[in-house]
Each structure stands twice: as C-alpha cells, then as structure tokens.
1. As a test of understanding, state the convex hull volume per residue of the range 161-228 from its alpha carbons, in Å³.
2. When ligands, DNA and RNA are left out and all protein chains stay put, how many square angstrom of accessible area per residue does the chain have with a 1.4 Å probe?
3. Based on the mean of other beta carbon atoms within 10 Å per residue, what is the order of 145-152, 179-186, most packed first?
4. If I take R0 = 30 Å and measure r between the Cβ atoms of SER62 and LEU133 in this structure, what FRET efficiency does the formula 1/(1 + (r/R0)^6) give, to the nearest 0.05?
5. Return the label of the correct value of semi-axes √(5λ) of the Cα gyration tensor in Å, as calculated from the structure shown, out of [x] 39, 27, 18; [y] 34, 22, 20; [z] 50, 22, 17.
6. Can you give the helix-only mean residue ellipticity at 222 nm for the chain, where every DSSP H stretch with n ≥ 4 adds -39500 (n - 2.57) and the sum goes over all residues, rounded to the nearest 500 deg cm²/dmol?
7. Kindly report, to the nearest 10 Å², the accessible surface of TRP52 as traced by a 1.4 Å probe over protein heavy atoms only.
8. Taking R0 as 45 Å, what's the FRET efficiency between ALA266 and ALA51 from their Cβ-Cβ distance, rounded to 0.05?
Amino acid sequence: MPVSTPAFVSADQARDLLDWPSAVAAMARAYAEPAVPGAFPPRTIAEHEGAWLRGHLGVTVSGRWMGAKLFARSPGRAASFVMVLFDKATGEVTCLLDGSVITSWRTAATSALAVSLLAPDRLHDVAVVGSGLEARTHVAALAALNLVGSVRIFSPTPGNRAAFAAAVRDLGIPARDCPSPEEAITGAGLVVAAARSRDETPTFDHSRVDDRALVLSIGSTLPSQREVAPELVARCDLVVADDVAEVADATGDMIAARREGVDLEARMCSLHDLVTGALAERVEAARMIMYKSAGSAVQDLALAGWLYERARDAGEAVPLPAPFELKPPSGRPAP
C-alpha cells in the first residue's frame, strides 16, 4: 500500500515564521481568484450540549492545495484548531498545522487588505472595541502596513485595555485606553469592532460613529452573535464581505439588519470585487463603508499553504513519525 509522510507545523513555528506583509499578500492573491461554485462550500457546524465543532473546507482554484480546518470548543470554553493540507494533484496528506495562530492572523491580514484598498495611504485614527487576540492582531496588521496614526481602546475590563494600550505604545504608536466605547469611537476614522456582546446587543452606540468612518466588524461570526446595530448597517453605502453568503445569512448583525428592513442586497459586495478593482467607482462615491468578516476557508488555505511552504523551505516543518496510507484509485468518478 503506498504511503505519504506529512509534516507538522506548530503554533510556535507559525509565530516565528509569519510576517504581516506576506500574510496580506497571500490574502490578496487568494481573493483575486474568481469564485468557483463548489470550491469553498459553506462552513459546517455540529453541536450538542455545549460542545461544538466547526469545519471549513476548500479547494484552491489555481493553487496546489486543498484542505480543511476544524475548530472545536468544549462546554468549558477551551478551544483548539487543526488544519490539514492535501496535495490536489496526488491526494496526499502533506501537512498538519496547529490552526490557532493561522486563524487570528488570517482574519487580521484580510481586514488589513480591505483597509489598504478602501482607504490607502492614510494614517488612521483607530478606535478599537475589544482587547482580545483579534483586536490585538488587527492593530498589529494595520500598523505593519503603515495605516495607523493613533489608537483609542475600549474594553469592559480596565486592566486589559490598559495593557493593550501599553503594547501599542511599545510599537511607537500613540494609544490610550478609554472608559467607554463612545469615547473611543467619537471622531475616529477607522472603527474596529472586535468584541461581540455578552448579551447579544450591539457593543457601542452607532450614532457616535462619524459619517465618513470606515468600520471593520469582525467579532460577530454566527447567527447568535451581535456586535453592530442595524442602524449602523443602514448608514453604510457599501458593505464589503469576505464571504457574501456567510455574512448576509449567517451573522447575527446582518440577520438583525435585514429583519429591521435594511436592504442588504443593495449594499453587499464581495472582497473579490474590491481586490480586482470592480468596486472602484462605488468606493469613491460611498460616504460610510463597512468591511464585515465571517471568516473563510479561502483565508485558511491561503495562509496555511504559504506557511507550510515557508516552513518546508526553512527546514522547520517536522516530519510526523508515522505515514498515512494512500488508497489506490478505484476507477470510479468522484461523487
């Protein structure tokens, strides 16, 4: 029986090998590809008694890889991520990767790509609602692209927002922690919403967002989760989505906006169209724009494939101690 011996890339290796310009470039290449039906199906979620498992599957259009990410969370809230890369040409299992770092980096890198196209060559006064990993990686990614002039941070936990502000100042960027989301948001040119509410209500007062602000909403990714108010969605002339179907139909913010009568179809556009330049005129004409992310296997595969190749070329990918068997072709077409 033929076998393949895949490699493993750990979270620590991912931290050592990833860099923001390369991650953003990987997202740009991925979203320049046309959407092909069936290549990236909707995510799957299985759940029972507080335990749940989410799966992202995809086959790259012109790249070498196909693969999957599984994201598991226990009733005790512990979470883990694993990614599997398969070679499209041979079907071999090529690499297993700890997906925790990849997940936070691919989200932030995609957001930074969107900002660089929607509002380039500008040092933004950034307001961040949230102080967790996603909030921190977003500021790091934006700073790496020279898109941050200053940062104001709100988090309901004073110690967390103070520590986050100190970390931003260590990057050489002016930052302060704010006792309310409204203080952070008022007058900001870029609002990063990175903390879904505990009671599933919006995390800040939409009326305090400037009419010319760019809003990034990345904390609400499931139907049960909320982050931004329907009124804020209604104020946006354009909502750019990393995955239009997932954002429109499977995030609590957009479900609530549609329920309140907001015409999502008139506003919603794809990140692919932004990357390829198809939205240039609409972006120029829009007053307020939102970038809304639900996460996608497109992002997972783009960054995992790049990371594996860098680890392989650097001699950092660790061969697993036992091989995977390869089943010979049956001669029957795939389902």
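1. Numbers: hull volume 7.0 nm³, N = 68.
Spelled out: Cα convex hull of the range 161-228, divided by residues, is 103 Å³.
2. Working: 15010 Å² over 335 residues.
That works out to 45 Å² for each residue.
3. Working: 145-152: 19.8, 179-186: 18.2.
Highest mean packing first, the order is 145-152, 179-186.
4. On the way: r = 31 Å, r/R0 = 1.04.
Computed FRET efficiency for SER62 and LEU133: 0.45.
5. Matching entry in [x] 39, 27, 18; [y] 34, 22, 20; [z] 50, 22, 17: [y].
6. Values: 13 runs with 123 residues, N = 335.
Computed mean residue ellipticity for the chain: -10500 deg cm²/dmol.
7. Number for this one is 50 Å².
8. Values: r = 39 Å, r/R0 = 0.87.
Efficiency for this residue pair is about 0.70.
The values are calculated or read from the model by the stated rules, or taken from the named source; none is laboratory data. Treat the numbers as computed from the prediction; the structure is a model and nothing was measured. Note that each Cβ is placed from the backbone with ideal geometry, even for glycine, and that neighbours are counted across all protein chains shown. Each accessible area value is taken on the protein alone, full model and side chains, heavy atoms only, with ligands, DNA and RNA left out. Shrake-Rupley method; radii C 1.70, N 1.55, O 1.52, S 1.80 Å.
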